[in-house]
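Colleague: Mind having a look at this structure? Questions to follow.
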Amino acid sequence: MKSHRRRTLAVITAALTGGALLLAASPAPAAPAAPAAPAAFGATAAGKQTAANKALVSYVYDQLFNKGHVSVLDRYFRTDYIQHNPTLPNGTAAVKELVTGLRSAYPKAHSHVYRVLAEGNLVLLHSNLLLEPGTKGTASVDIFRVDHGKIAEHWDANQSVPDTTASGNDMFSTLSPKQPCPNSPGTTAESEKVATTFFNALGQDRDVSAFDRYVAGPYYQHNTQLPNGTAAAKALFALFVQSPYFNVSVKRVIADGDMVAIHSHYTLANDRGLAVVDFFRVLKGKVVEHWDVIQAVPETAANDNTMF
């Protein structure tokens with residue numbers, strides 16, 4: 001019995017480092033109807049579908065993490081669910097086995113979702129998972145692909161939250177000024193253009209001066225090792241681009257209002273690299289705030305899908 005419990009806790013710990021953790025308990029009620037499409041989408045069919053996807057994933061995530069209703073796995077996930085978490089194989093069976101052990105080991109676990117972004121059939125959640133009250137927990141990004149009302153595919157990145165950061169900012173809060181209409185028509189497209197142009201200038205063109213053109217002060221920083229402002233970030237990228245191994249391969253971009261998330265594979269040395277999700281907030285055509293979640297790509301995985 002003790003050896004089984006140790007194995008269960010080991011699996012939970014590995015999944016916390018490398019993927020989403022789901023909680024098992026009683027059956028869930030039916031999902032609520034999707035809310036009306038935001039103003040930015042108008043009444044277009046695509047906008048309504050994106051809003052429905054966001055509502056579905058938000059509901060399912062809350063049911064699993066905070067209410068313990070494991071039945072949503074059968075109800076709202078495809079039977080051929082594709083998994084990119086390196087600790088879990090495809091399908092929901094492994095998730096069900098994992099969640100039972102998690103609920104038993106950490107009955108007070110809770111996940112606070114700080115932001116939800118959706119574009120097309122992709123929905124992203126940025127959250128702080130706490131297995132025990134009073135701890136710092138894990139910064140998590142989960143990306144779900146929705147297909148005809150079912151969750152079909154999942155990617156993630158996870159990073160332990162440190163006790164302190166170089167800036168004094170936590171990994172989750174929004175510090176830049178509020179925007180009156182963050183989802184006004186055209187905001188998403190403008191934000192995506194600014195953020196991706198800036199990001200590609202750094203990652204593809206190795207142009208550190210992009211900070212001067214696309215970033216506005218005070219530039220609030222939530223990377224745990226960088227202070228506010230652009231000076232330290234510029235110095236860090238200046239070191240990165242000197243490496244012959246430096247490469248940033250963008251896998252997917254999800255823009256929603258003034259927020260843009262970029263999921264990438266970073267290579268900084270002769271190794272398997274890093275799975276990184278960078279978040280940028282864009283105001284008046286400039287990047288004003290940055291968050292990220294960084295996870296090393298492991299040597300082995302429980303599936304053949306890679307983290308990307």
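Colleague: Name the strands (runs of 3 or more DSSP E) wholly within region 72-168 that hold at least 2 residues that are open to solvent by 70 Å² or more (accessible area, probe 1.4 Å) and within 21 Å of D62 (Cβ to Cβ)?
Modeller: Per the criteria, 110-119.
Colleague: Can you tell me which of S71, S111 is at pLDDT 90 or above and farther than 29 Å from G257 by Cα?
Modeller: S71
Colleague: While we're on this one: I'm told G229 meets every condition in (1) open to solvent by less than 30 Å² (accessible area, probe 1.4 Å); (2) in a helix (DSSP H, G or I); (3) under 22 Å from P177 (Cα atoms) except one. Can you identify the failing condition by its number?
Modeller: G229 satisfies every listed condition except (2).
Colleague: Sticking with this one: Quickly run through region 195-224 and pick out the residues that are in contact (Cβ under 8 Å) with a residue 40 or more places away in the chain and either touching a helix residue (DSSP H, G or I) at 6+ places or on another chain (Cβ under 6 Å) or among the acidic types (D, E) (or both).
Modeller: F198, L202, Y214
Colleague: OK, next. Which residues, counting only those in region 224-238, are closer than 17 Å to V276 by Cβ and in contact with a Ser or Thr (Cβ under 8 Å, 6 or more places away or on another chain)?
Modeller: Once the filter is applied, which keeps residues that are closer than 17 Å to V276 by Cβ and in contact with a Ser or Thr (Cβ under 8 Å, 6 or more places away or on another chain), region 224-238 yields T224, Q225, L226.
Colleague: Could you tell me which residue of region 254-308 is farthest from T187 (Cα to Cα), considering only residues that are part of a strand (DSSP E or B) and hydroxyl-bearing (S, T, Y)?
Modeller: Step by step, filter region 254-308, then rank; the result is T267.
The values are calculated or read from the model by the stated rules, or taken from the named source; none is laboratory data. This structure is a prediction, so every number in the text was calculated from the model and none was measured. Cβ coordinates were reconstructed from backbone atoms using ideal geometry, including for glycine residues, and neighbour counts include every protein chain displayed. The protein model used for the area step is the full one, side chains on, heavy atoms only, and it has no ligands, DNA or RNA in it. Shrake-Rupley method; radii C 1.70, N 1.55, O 1.52, S 1.80 Å.
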